[in-house]
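Just dropping this structure here.
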Amino acid sequence: MSDSLWFTVDNNIELQQGVLSRLDIELGNVLIRHFPDGESYVRVESDCRDRDIIIQCTLTEPDARILPLFFLADTARELGARSVGLIAPYLAYMRQDKRFQVGESVSSRLFAQYLSARFDWLLTVDPHLHRFHTLEDLYGIPCRVIHAAPALTSYIAQAIPNALLIGPDSESEQWVSAIAKMGDMPYQVLQKERRGDREVSVSIPETSRWKHHTPVLIDDMISTGQTLIETIGHLKSAGLNAPICVSVHGLFSESADVRIMAAGAARIVTTNSIVHRTNAIDLAPLIAEALPTMLPVHRGA
Ligand code: R5P
């Protein structure tokens with residue numbers, strides 16, 4: 001019997017299989033369902049005693065996922081788990097990192113407190129760090145951040161000849177500049193002004209020298225898609241080739257992928273941090289490499 005037991009709470013079976021095929025970790029069974037009144041029912045069906053529990057749960061639609069996740073984590077502990085860690089390939093509640101208006105919740109800090117109280121460690125992929133510079137500024141538990149940039153670089157280098165990387169806002173510079181450096185590709189970073197959840201304007205890129213390149217729009221996440229749709233509009237007006245959109249986390253709120261394609265994108269490519277038909281970059285090798293360092297036996301805990 002392996003010392004480590006893995007539960008998958010999201011629907012990302014491909015990612016689960018990709019990680020488990022590389023490591024000596026047993027897959028556990030948990031039943032999660034809802035009562036007719038909407039309350040969550042959780043039943044742990046595997047032996048947790050003296051074992052290190054790893055829970056895979058990407059945190060899209062976090063409000064619906066979080067309570068069953070907490071029930072599972074606490075139940076595993078009640079059943080004798082030695083430790084309980086969380087793999088959240090997409091980590092939610094990272095963007096409200098400041099009280100922009102009087103009375104607002106700084107939900108990134110609160111959410112971090114809630115997770116830190118439940119888990120012994122957290123492993124995630126490219127969290128949206130902006131005003132907080134590291135996860136440790138927010139979380140009170142050991143955190144490991146996997147950077148998808150090397151995987152994005154490999155994809156772009158292999159699949160997109162003559163790429164011009166474009167970051168739609170200053171926050172994207174960290175990803176765009178890393179990829180540009182690794183792949184030796186030209187890049188530009190635009191300025192974005194956000195006026196509401198679905199209202200953004202993006203500055204006009206410099207296009208005159210790039211008519212024979214393929215624009216590659218890089219962002220850490222696609223939510224409503226408005227950031228990319230605005231940028232695609234500028235590229236189209238300038239007569240550039242149809243851009244390819246590459247993002248770590250494809251949330252695609254309100255069918256954003258359909259609207260981005262309708263706006264003129266040639267293709268959308270995401271990692272499998274969230275299951276979606278645009279997934280083309282596999283995170284399993286990176287997660288499998290990082291995961292053992294989080295387990296207590298490796299941390300000397
Ligand atoms: C924010 O700064 C992020 O990096 C993304 O640019 C943003 O979340 C994308 O949101 P949307 O797709 O709704 O424009």
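The values are calculated or read from the model by the stated rules, or taken from the named source; none is laboratory data. On a predicted model such as this, the values are computed, not experimentally measured, just so you know. Please note: Cβ atoms are built from the backbone with ideal geometry, for glycine as well, and neighbour counts cover all protein chains shown. For the accessible areas, the whole protein counts, side chains as well, though only heavy atoms, and no ligand, DNA or RNA atoms are used. Shrake-Rupley method; radii C 1.70, N 1.55, O 1.52, S 1.80 Å.
Quick check on Ile232: is it more than 20 Å from the chain's Cα centre (by Cα), part of a loop (DSSP other than H, G, I, E, B) and more than 19 Å from Val145 (Cβ to Cβ)?
Details: more than 20 Å from the chain's Cα centre (by Cα): yes; part of a loop (DSSP other than H, G, I, E, B): no; more than 19 Å from Val145 (Cβ to Cβ): yes.
Answer is no for this residue.
So is Glu171 open to solvent by 80 Å² or more (accessible area, probe 1.4 Å), out of contact with any Lys or Arg (no Cβ under 7 Å at 6 or more places or on another chain) and within 12 Å of the ligand (Cβ to nearest atom) or not? Walk me through how you get there before you give the answer.
Working: open to solvent by 80 Å² or more (accessible area, probe 1.4 Å): no; out of contact with any Lys or Arg (no Cβ under 7 Å at 6 or more places or on another chain): yes; within 12 Å of the ligand (Cβ to nearest atom): yes.
No, not satisfied.
Evaluate the range 43-51: report whether one residue or more is assigned to a strand (DSSP E or B), away from the ligand (no atom under 16 Å from the Cβ) and open to solvent by less than 70 Å² (accessible area, probe 1.4 Å).
Kept after step one, since they are assigned to a strand (DSSP E or B), are these residues of the range 43-51: 43-44.
From the residues that got through so far, the ones that are away from the ligand (no atom under 16 Å from the Cβ) too are 43-44.
Those still in the list that are open to solvent by less than 70 Å² (accessible area, probe 1.4 Å) too: 44.
Looking for residues that are assigned to a strand (DSSP E or B), away from the ligand (no atom under 16 Å from the Cβ) and open to solvent by less than 70 Å² (accessible area, probe 1.4 Å), one finds at least one in the range 43-51, hence yes.
Listed here are the residues, each with its yes/no results for (1) in contact with a strand residue (DSSP E or B) (Cβ under 8 Å, 6 or more places away or on another chain); (2) among the aliphatic types (A, V, I, L, M).
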position: Glu61; (1), (2): no, no
position: Ala64; (1), (2): no, yes
position: Phe70; (1), (2): no, no
position: Ala76; (1), (2): yes, yes
position: Ala88; (1), (2): yes, yes
position: Arg95; (1), (2): no, no
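(1) within 26 Å of Met1 (Cα to Cα); (2) open to solvent by 80 Å² or more (accessible area, probe 1.4 Å); (3) part of a helix (DSSP H, G or I): which one isn't true of Ala76, the others all being true?
With respect to (1) within 26 Å of Met1 (Cα to Cα); (2) open to solvent by 80 Å² or more (accessible area, probe 1.4 Å); (3) part of a helix (DSSP H, G or I), Ala76 is out only on (2).
A follow-up question, please. Confirm whether Ser108 is surrounded by 20 or more Cβ atoms within 10 Å (Cβ to Cβ), within 15 Å of the ligand (Cβ to nearest atom) and polar (S, T, N, Q).
Working: surrounded by 20 or more Cβ atoms within 10 Å (Cβ to Cβ): yes; within 15 Å of the ligand (Cβ to nearest atom): yes; polar (S, T, N, Q): yes.
Here the answer is yes, as Ser108 does meet what is asked.
Give the number of residues within the range 219-262 that are more than 14 Å from the ligand (Cβ to nearest atom) and among the small types (Gly, Ala, Ser).
5
Restricting to the range 202-218, and then to whatever is within 14 Å of the ligand (Cβ to nearest atom) and either touching a Lys or Arg at 6+ places or on another chain (Cβ under 8 Å) or open to solvent by 30 Å² or more (accessible area, probe 1.4 Å) (or both), can you tell me which residue is farthest from Phe252 (Cα to Cα)? Steps first, please.
Initial filter on the range 202-218 (within 14 Å of the ligand (Cβ to nearest atom)): 202-203, 217-218.
Still in the running and either touching a Lys or Arg at 6+ places or on another chain (Cβ under 8 Å) or open to solvent by 30 Å² or more (accessible area, probe 1.4 Å) (or both): 202-203.
Details: Val202: 19, Ser203: 23 Å.
Looking at residues that are within 14 Å of the ligand (Cβ to nearest atom) and either touching a Lys or Arg at 6+ places or on another chain (Cβ under 8 Å) or open to solvent by 30 Å² or more (accessible area, probe 1.4 Å) (or both), I get Ser203.
Then there's this: Within the set of pairs 6 or more residues apart or between chains, which connect a residue that is open to solvent by 20 Å² or more (accessible area, probe 1.4 Å) inside the range 5-16 to a residue that is polar (S, T, N, Q) with Cβ atoms less than 9 Å apart?
Partner pairs satisfying both residue conditions: Thr8/Gln16; Thr8/Gln56; Val9/Gln56; Val9/Thr58; Asn11/Thr58; Glu14/Asn272; Glu14/Asn279.
Within the range 179-201, work out how many residues are within 14 Å of the ligand (Cβ to nearest atom) and open to solvent by 10 Å² or more (accessible area, probe 1.4 Å).
Start the filter on the range 179-201 by keeping residues that are within 14 Å of the ligand (Cβ to nearest atom), which leaves 189-201.
Within this subset, residues satisfying the condition of being open to solvent by 10 Å² or more (accessible area, probe 1.4 Å) are 189, 191-199, 201.
Qualifying residue count, the range 179-201: 11.
With the condition kept exactly as written, say whether any residue in the range 130-145 is under 28 Å from His213 (Cβ atoms), surrounded by fewer than 19 Cβ atoms within 10 Å (Cβ to Cβ) and of a type outside the set (D, E, K, R). Outline the logic, then answer.
Step one: of the range 130-145, the residues under 28 Å from His213 (Cβ atoms) are none.
Among the residues of the range 130-145, not one is under 28 Å from His213 (Cβ atoms), surrounded by fewer than 19 Cβ atoms within 10 Å (Cβ to Cβ) and of a type outside the set (D, E, K, R), which makes the answer no.
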